[in-house]
Amino acid sequence: MILAVLSGFIFAALVPFFSKFFKRTIPFVLCALPILLFIYFISFLNQIELGSYLMFSYSWVPSLGIDLDFRLDGLSILFALMITGIGSLVFLYTANYLKGHQYLDRFYGYLSMFMASMLGVVLSDNLMTMFVFWELTSISSFFLIGFNNEDAASRKSALTALGITGLGGLVLLAGIVILASVGNSYSFTELLGSSDVIKSSSSYHWIIGLVFVGAFTKSAQFPFHFWLPGAMKAPTPVSTYLHSATMVKAGIYLLARFTPLLGDTYWWNGTLVTIGAITMIYAAIHSLFRVDLKSILAYSTISALGILVFLIGIGTEKALLGAAIFILAHALYKAALFLITGIIDHETGSRDASKLAGLQKVMMPVAIAGFIAALSSAGVPLLIGFISKEVMYEATLQLGQWAIILTILIVLTKIFLFVAGFWAGIKPFTGPLPKEFQKAHLPSALLWVPPLLLSVLSVVFGVFPGLLEKSLIQSVFSSISGSATIIDLKLWHGFNTALMLSILTLVVGFAIYWFLQPSEKNFQKTIRFERISPEALTRDFGNIFSWFAGFWTRFFQNGYLRNYVITILAFLTFLMAYRIFIGVKIHIDWDQISTVTPSEIIVVTLMIISIFIAIFSKSRTTSIVALGVVGFANCLFFLFYSAPDLAMTQFSIDTLTVLLFMLILFRLPKNKTYSSKTIRIRDGVLSLIFGTLVAILVLEVFEYPSSTDISKFYADNAYVLAKGRNVVNIILVDYRASDTIVETVVLVIAAIGVYSLMKLDLNPIKKN
Amino acid sequence: MEILLIIIIGLLHAGGLYMLLRRSMFKIIIGLILLGNGANLLIFLLGRLVKGHPPVLPDGAKIFAEIYADPLPQAVILTAIVIGFGLQSFAIILIKTVFKVLETDDLDELNSTDEEI
């Protein structure tokens with residue numbers, strides 16, 4: 001089993017290495033993979049009955065409770081069969097559709113990776129493993145949507161899709177983590193046992209809220225639906241595979257999977273029915289205003305996903321059965337319609353539903369496939385679409401006080417989808433063939449066999465629902481609902497309300513199809529509502545956000561060093577001032593203060609005067625001299641207070657600095673005042689406050705006795721251990737010798753820098 | 001005396017910051033030096049002032065018999081002075097080079113990348 005799931009990744013990894021050798025044959029080699037997997041999963045069908053399941057366990061990160069456990073039950077095998085079955089057809093179809101494309105091998109790599117990730121999602125029993133695969137589907141979908149990477153719109157759509165689904169995935173992760181901490185396990189099978197504990201826990205609402213966001217983003221539910229029409233920028237096989245048959249149903253899968261675990265509560269059902277209803281009706285109406293075949297199909301897909309959420313939300317046995325059949329029915333007809341659209345696009349170069357017509361004259365098999373798929377989408381008897389529609393109607397009719405409104409909603413949606421299906425599957429083939437499409441011809445069988453096969457399956461399952469009933473739908477139903485009710489799929493349900501509604505749907509749908517043509521004019525009408533669509537609002541939000549980020553960054557990171565200094569110091573000053581203001585008493589212990597001698601007063605006065613001169617002098621030379629005096633005054637303080645080494649060092653360094661300044665800057669012009677008076681006053685005030693605060697801080701620190709343990713150790717051992725008499729020297733060259741060496745290195749580096757700058761001969765640049 | 005030194009430390013910090021906020025590169029170096037002096041004095045003061053007793057052992061003595069100035073702040077300041085000198089000399093040469101090339105010491109005129117010059 002683990003090989004079955006991971007083989008796609010292995011293939012994807014190998015493709016780039018081997019593609020050079022089998023450029024032509026590689027598509028056919030790769031097609032073997034989904035076909036073999038399909039057969040592999042078929043072989044399990046008879047082992048899964050009535051809610052039983054098979055488990056395959058492989059240890060991965062047991063210490064975190066994360067393992068590669070795969071659970072094969074009705075629901076997961078339905079999806080696995082859809083993924084590998086439709087996958088096989090799409091692999092074959094692509095071989096011809098993208099024949100000769102430069103990056104065909106890359107495309108197959110992405111497709112295999114996607115297929116493996118998708119299998120991982122539907123088969124994983126461990127929720128953390130499922131999340132990993134879930135995100136992998138988003139990532140591979142990103143590559144596939146952006147496959148035409150030189151097209152800016154493609155790249156943007158890919159990014160939107162990744163943004164929405166990736167973000168939803170993270171929200172889902174949060175939901176899974178909470179769920180696992182409440183249920184004390186990551187394993188779905190184990191969690192199922194503590195379903196009641198989870199439902200009654202206080203974080204239940206968080207769990208379902210977060211899981212909903214994950215499922216709704218993936219399955220394009222309102223208001224997250226807008227990434228899906230954008231994703232139609234991908235090559236048609238991708239739209240078929242990811243954006244109608246499999247990936248967008250991952251959210252549906254998740255909801256169906258969690259129904260026995262989290263479902264059947266007021267909030268679960270209420271939210272799902274509301275969101276599902278809004279999505280299905282909103283998207284169905286939208287699909288009637290589109291002209292691009294792929295857009296029509298995209299919106300009708302969103303609508304179908306809405307129906308599925310709606311049915312899972314209703315949550316009765318009938319509704320869940322309806323969902324189980326509709327997942328399959330929709331995958332069969334929608335994939336066929338997408339593939340047909342791809343053929344039309346490939347052969348005529350147009351996807352404009354208002355222009356395409358009469359193509360049955362040139363591509364009959366495609367027309368037959370389209371015809372059947374459209375009928376199945378409409379729910380015409382003898383097709384699987386009819387059975388799913390009947391069950392849906394019966395499900396909504398059972399609902400007591402809500403029956404009328406919910407039934408009206410679903411019937412309306414179905415009528416609109418009828419029209420959308422006919423536009424995509426029948427309209428391009430009927431009527432007279434326009435001149436511009438005269439040259440179109442029937443493509444290679446690799447292109448038209450897959451959709452025809454899907455359509456034929458729609459008929460076979462529609463006429464003989466018993467084929468599916470025992471083998472597949474029964475176990476799917478059991479694993480979603482958790483009940484052991486024996487289902488009974490019939491073509492003929494007798495004369496009942498559901499049948500009446502079916503007939504009504506068909507009649508009204510056909511009437512609308514007859515009178516309403518897809519037109520550019522109708523499409524233009526929707527444009528004025530674009531402003532308030534979720535997509536535009538999200539985009540506006542994004543724009544405002546990035547504008548704000550830009551403004552914020554430019555405001556603080558404006559490239560002026562002094563503004564950084566002001567920001568940091570003003571903040572620091574504010575903090576310190578606040579602290580001192582609220583709770584620090586300034587107290588001076590006059591006993592500790594030493595007396596002042598006249599010579600010290602002279603030095604202090606000299607220093608204060610020099611500081612002012614150094615700051616305010618107009619002449620550079622005066623500034624430098626004043627600076628020198630500050631340094632020498634400092635030197636005298638060191639001398640007065642028992643630091644002869646410091647005095648010596650300060651003296652020599654100060655002399656050197658002044659000399660250097662004088663030699664280098666001698667020729668510089670007079671000091672100029674660049675800033676305005678206001679700025680100088682602002683800086684002056686800030687500086688004075690800062691200086692005062694530092695002074696207060698020193699005064700405060702001074703109040704506390706200093707610890708001299710370390711100094712005492714050095715002093716006591718200076719002679720005993722290090723055989724020296726000058727403790728300062730001992731510290732520098734003995735105890736902290738390696739520091740001093742590093743310091744010397746720093747000085748050497750500075751010296752090299754100074755030397756090379758002096759040697760550097762640069763010519764003045766004249767500004768214009 | 002401590003009070004006077006504290007006032008000087010405050011003044012050096014205020015003056016240093018004020019000069020650091022100027023546009024002229026020359027003034028920024030002055031600001032750096034003033035701040036450096038202020039910081040050195042601050043550390044020195046926090047080691048407490050002791051008059052006439054440098055941390056040097058008299059001849060023949062193995063340990064200190066009477067009080068002595070704290071050697072640790074002195075060692076730290078000594079390092080700071082020397083490193084400060086390295087920084088100052090490099091900065092001085094740097095603004096000289098910049099001035100030679102651009103004929104300005106206004107920071108705002110350096111606010112562009114190489115290509116734009």
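For the range A:480-526, how many residues meet the condition of being in contact with a Pro (Cβ under 7 Å, 6 or more places away or on another chain) and over 28 Å from residue A:264 (Cα atoms)?
1
Condition (residue is in contact with a Pro (Cβ under 9 Å, 6 or more places away or on another chain), surrounded by fewer than 23 Cβ atoms within 10 Å (Cβ to Cβ) and farther than 20 Å from residue B:5 by Cβ) applied to the range B:24-46: is it met by at least one residue?
No, the range B:24-46 contains no residue that is in contact with a Pro (Cβ under 9 Å, 6 or more places away or on another chain), surrounded by fewer than 23 Cβ atoms within 10 Å (Cβ to Cβ) and farther than 20 Å from residue B:5 by Cβ.
Among A:642, A:594, A:623, A:675, which is the only one that is of a type outside the set (Phe, Trp, Tyr), at positive phi and at the interface with chain B (Cβ under 9 Å from one of its Cβ atoms)?
A:642
For residue A:428, which of the numbered conditions (1) touching a residue at least 12 places away in the same chain (Cβ under 8 Å); (2) surrounded by fewer than 22 Cβ atoms within 10 Å (Cβ to Cβ); (3) more than 37 Å from the chain's Cα centre (by Cα); (4) outside any loop (DSSP other than H, G, I, E, B) fails to hold?
All conditions are met except number (2).
I'd like the full set of residues that are at the interface with chain B (Cβ under 10 Å from one of its Cβ atoms), among the small types (Gly, Ala, Ser) and surrounded by fewer than 16 Cβ atoms within 10 Å (Cβ to Cβ), limited to the range A:704-736.
A:706
I need a count of the residues in the range A:17-38 that are modelled with pLDDT of 75 or more and loosely packed, with under 13 Cβ neighbours inside 10 Å.
2
For the range B:77-112, give me each residue that is of a type in the set (S, T, N, Q) and part of a loop (DSSP other than H, G, I, E, B).
B:104, B:111, B:112, listed by residue number.
Taking the condition of being facing another protein chain (nearest Cβ under 7 Å), surrounded by 21 or more Cβ atoms within 10 Å (Cβ to Cβ) and in contact with a Gly (Cβ under 6 Å, 6 or more places away or on another chain), how many residues in the range B:68-95 meet it?
1
When you scan the range A:129-165, how many residues do you find that are more than 17 Å from the chain's Cα centre (by Cα), surrounded by fewer than 23 Cβ atoms within 10 Å (Cβ to Cβ) and either closer than 30 Å to residue A:53 by Cα or not polar (S, T, N, Q) (or both)?
5
Please work out which residue is nearest to the chain's Cα centre (by Cα), limiting yourself to the range A:461-495 and to residues that are assigned to a helix (DSSP H, G or I) and among the aromatic types (Phe, Trp, Tyr).
Result: A:477.
Please work out if residue A:563 is at pLDDT 75 or above and part of a loop (DSSP other than H, G, I, E, B).
So residue A:563 fails the test.
Which one of these is in a helix (DSSP H, G or I), of a type in the set (Lys, Arg) and without any contact (Cβ under 8 Å) to a residue 24 or more places away in the chain: A:155, A:106?
None of the other options fit; the residue is A:155.
Can you spot a residue in the range A:681-694 that is within 7 Å of chain B (Cβ to nearest Cβ), under 30 Å from residue B:68 (Cα atoms) and over 59 Å from the mean Cα position of the chain (by Cα)?
The answer is no, given that none of the residues of the range A:681-694 is within 7 Å of chain B (Cβ to nearest Cβ), under 30 Å from residue B:68 (Cα atoms) and over 59 Å from the mean Cα position of the chain (by Cα).
Is at least one residue of the range A:625-644 more than 60 Å from the chain's Cα centre (by Cα) and hydroxyl-bearing (Ser, Thr, Tyr)?
Within the range A:625-644, one or more residues are more than 60 Å from the chain's Cα centre (by Cα) and hydroxyl-bearing (Ser, Thr, Tyr).
The values are calculated or read from the model by the stated rules, or taken from the named source; none is laboratory data. In this text, all values refer to a predicted model and were calculated from it rather than measured experimentally. Methodologically, a virtual Cβ is constructed for each residue, glycine included, from the backbone with ideal geometry; neighbour enumeration extends over all protein chains shown.
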